[in-house]
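Only one structure is covered here, and it is reproduced in the block below.
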Amino acid sequence: MKVLLLGGTGEARQLADALADEPGLSVVSSLAGRTAEARVPDGEVRLGGFGGVDGLTAWLRDNKVDCVVDATHPFAATITEHAVEATRAVGLPLLVLRRAGWREQLGDRWVWVGSTDEAAAVLPSVGARAFLTIGRQELDAFAEVGVWMLARCVDAPEPRPSWCELILSRGPYSLQPELDLLRAQRIDVLVTKDSGGDMTSAKLEAARALGVPVVIVRRPPVPAGVDVVEEVDQVVRWLRERR
Ligand code: NAP
């Protein structure tokens, strides 16, 4: 059984590892190819976009794919929509793996917003020294905000923004260094997307401990009628049932 695994996340890599020795399965991991030095999963890998819904539909047919697992990031909404449309066009089963979102805990001061534009609009009313952890693709939404900002990205935005300080690094992150960073930079507001997972959640613990408010962007919804699971093991079981 041939499986297309849409990846770009830690869970997609874990899944590719878990499936590497699974009898009767041939898995192709697909990466968008955006991040320099992306951590490549085990097994066969293809890189780059498919060329929209039509390109993905053709790829599924040409490569005789039997089912698709979408393990892309919760905010990668376009590729998920394309996967839904293309699998419907070809008549293939699709399973979406979405890690659970983060939950507010006692002591948290979270301001939920619907988009990065909305995050930028509320930011000056929440703090004066902001730590932006929303990736580089939507950083421009904050260019005119006018408060002091420190942005953390995996790769440098092009062109390099003049209106914020930059830290280039890749998770996972742990509590003590996050506390040290927030204190050293006198951060009084954290901006994040609700990515979920353990790899980058230490910033939320640090913000909680220091009483720093968090502006948090809600996830885009998964398209209606699509099967969704939260754990890698559930995908493995789903594939075994279909093999
Ligand atoms: P997106 O907006 O949903 O997708 C934009 C386009 O990128 C898609 O239309 C598709 O191009 C291509 N693409 C995306 N994921 C792909 C994949 N796994 N394999 C092949 N092509 C893919 O995605 P994005 O938000 O730019 O994210 C790009 C990748 O980075 C995703 O794979 C995602 O898992 C990963 N990622 C995203 C975030 C985030 O915050 N958005 C964070 C961490 C990792 P075509 O239309 O040409 O097929």
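The values are calculated or read from the model by the stated rules, or taken from the named source; none is laboratory data. Everything numeric here is computed off the predicted structure, so don't read it as measured data. For neighbour counting, all protein chains shown are included, and Cβ atoms are generated from backbone atoms with ideal geometry for every residue, glycine included. Heads up: the accessible areas ignore ligands, DNA and RNA and are worked out on the full protein's heavy atoms, side chains in. Shrake-Rupley method; radii C 1.70, N 1.55, O 1.52, S 1.80 Å.
Model label points for Asp198 and Thr35, set 7 angstrom from Cα along the Cα-to-Cβ axis, are 1.7 nm apart. For segment 110-217, the mean projected area of the C-alpha convex hull, equal to one quarter of the hull surface, is 5.9 nm². Computed extension length for Ala209-Arg88: 38.9 nm, one decimal, from 0.36 nm per residue of separation with the Cα-Cα distance subtracted.
For the chain, relative contact order (Cα pairs under 8 Å, six or more residues apart, normalised by length) works out to 21 percent. Put simply, when 10-19, 143-152 are sorted by average Cβ atoms within 10 angstrom per residue, most first, you get 10-19, 143-152. Charge dipole (Cα centre; +1 on Lys/Arg Cβ, -1 on Asp/Glu Cβ; no other charges) of the chain amounts to roughly 120 debye. Semi-axis lengths, largest first, of the ellipsoid equivalent to the chain are 35, 18, 16 Å, with √(5λ) applied to each eigenvalue of the Cα gyration tensor. Taking a ≥ b ≥ c as the square roots of the eigenvalues of the alpha carbon gyration tensor, segment 1-138 is prolate, as a/c is not under 1.5 and a/b beats b/c. When only Cα pairs below 8 angstrom with a gap of at least 6 residues are kept, segment 110-217 shows a relative contact order of 34 percent. Scoring 187-193, 206-212, 88-94 by mean Cβ neighbours within 10 Å over their residues and listing the highest first yields 187-193, 206-212, 88-94. Accessible surface computed residue by residue for the chain, with neighbouring protein chains in place and a 1.4 Å probe, gives 49 Å² per residue. On a per residue basis, the convex hull of the C-alpha atoms belonging to segment 1-76 measures out at 84 Å³. A simple packing score, the average count of other Cβ atoms within 10 Å per residue, orders the peptides 161-171, 195-205, 229-239 as 195-205, 229-239, 161-171, with the highest score first. Residues whose amide H falls under 5 Å from that of Arg99, counting only those 5 or more places apart or on a different chain, are absent, with hydrogens built in the peptide plane. Find the centroid of the Cα atoms in segment 67-136 and in segment 1-61, then give the distance between the two in whole Å. If we compute the Cα centre of each part, the gap is 20 Å.
Among the trypsin sites (Lys or Arg not before Pro) within segment 22-86, those in coil by DSSP and having at most 13 neighbouring Cβ atoms inside 10 Å are Arg39, Lys64. Note on the chain: GNM, Cα springs under 10 Å; of Ser174, Ser125, Ser115, the largest mean-square fluctuation is that of Ser125.
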